[in-house]
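Below is one structure; the comments refer to it alone.
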Amino acid sequence: MAIPKVKAANKAGLTTLENQALEESTKSRRTKGVEIMTPQMEFMKLFIKTAEEHCNLDTGISLQELPGENSLYAELGSVFTDTTYYDKSALWTFPVRLLCQNTDPCRCLEQLSDICNYYQRLKEYPQGETFAWLDTVTVKETGKINRDENGMYHYSCILNCKVYF
């Protein structure tokens, strides 16, 4: 199967070295036919799973925008590097923005504050296969961002998570 990919890549005008790099990249992303997640995606799934298991939430947290009434949503902001090491590993900051939409503003505040408080006070973070989660700090406390014409309240908060990979 690797040969057709290389031939297709050659048609795209890549050099032999670029084709080899492409093949190595593709091999390193698969283990016995199973795709490996990026550290960013694996982190977000672990972040959500951990919050859902340990916080008092009315519903699960979505990665696909606010799905509807009384919902929670998480998105990864612009990730930036804190420190890069000689072996090209790095310490990164993953800003996670959480949004809550609810007819009850108190439930918005309680749910997002519960998530912030849980991660802020956690002494040992869950670890992924592709990264090490080192710390989390609340950089924007839970606050109201608006109320729409349907009576839905919208609240948000931002957590900066330190991740090494």
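Listed values, structure above:
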quantity	calculated
Any hit, segment 126-138, residues being farther than 23 Å from F80 by Cα and among the aliphatic types (A, V, I, L, M)	no
G77 vs. criteria more than 20 Å from T38 (Cβ to Cβ) and exposed (fewer than 14 other Cβ atoms within 10 Å of the Cβ)	no
Scope segment 88-102; condition farther than 16 Å from A132 by Cα and either touching a Gly at 6+ places or on another chain (Cβ under 6 Å) or at pLDDT below 95 (or both); matching residues	R97
Contacts under 6 angstrom Cβ, first residue in segment 139-151 being of a type in the set (K, R), partner at pLDDT 95 or above, 6 or more apart	K140/C157; K140/I158; K144/Y155; R147/Y153
Selection status of A90, open to solvent by less than 60 Å² (accessible area, probe 1.4 Å) and either closer than 16 Å to K45 by Cβ or touching a Lys or Arg at 6+ places or on another chain (Cβ under 6 Å) (or both)	no
Members of segment 85-101 found to be in a loop (DSSP other than H, G, I, E, B) and of a type outside the set (S, T, Y), listed by number	D87, K88
Residue in segment 151-165 that is modelled with the highest pLDDT, counting only those that are open to solvent by less than 20 Å² (accessible area, probe 1.4 Å) and in a loop (DSSP other than H, G, I, E, B)	M152
Segment 93-103: number of residues that are open to solvent by 50 Å² or more (accessible area, probe 1.4 Å) and either of a type in the set (A, V, I, L, M, F, W, C) or more than 19 Å from V79 (Cβ to Cβ) (or both)	1
Residues of segment 35-45 satisfying the condition of being under 25 Å from K123 (Cβ atoms), surrounded by fewer than 18 Cβ atoms within 10 Å (Cβ to Cβ) and out of contact with any Asp or Glu (no Cβ under 7 Å at 6 or more places or on another chain)	Q40, K45
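Per-residue answers, yes or no, for (1) β-branched (V, I, T); (2) open to solvent by 50 Å² or more (accessible area, probe 1.4 Å); (3) on the phi > 0 side of the Ramachandran plot; (4) within 18 Å of the chain's Cα centre (by Cα):
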{"site": "H54", "(1), (2), (3), (4)": "no, yes, no, yes"}
{"site": "Q64", "(1), (2), (3), (4)": "no, yes, no, yes"}
{"site": "P67", "(1), (2), (3), (4)": "no, yes, no, yes"}
{"site": "T83", "(1), (2), (3), (4)": "yes, yes, no, no"}
{"site": "P105", "(1), (2), (3), (4)": "no, no, no, no"}
{"site": "L134", "(1), (2), (3), (4)": "no, yes, no, yes"}
{"site": "T138", "(1), (2), (3), (4)": "yes, no, no, yes"}
{"site": "T142", "(1), (2), (3), (4)": "yes, no, no, no"}
{"site": "R147", "(1), (2), (3), (4)": "no, yes, no, no"}
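The values are calculated or read from the model by the stated rules, or taken from the named source; none is laboratory data. Treat the numbers as computed from the prediction; the structure is a model and nothing was measured. Positions of Cβ are backbone-derived with ideal geometry, glycine not excepted, and every protein chain shown enters the neighbour counts. Only protein heavy atoms, including side chains, enter the accessible area calculation; ligands, DNA and RNA are left aside. Shrake-Rupley method; radii C 1.70, N 1.55, O 1.52, S 1.80 Å.
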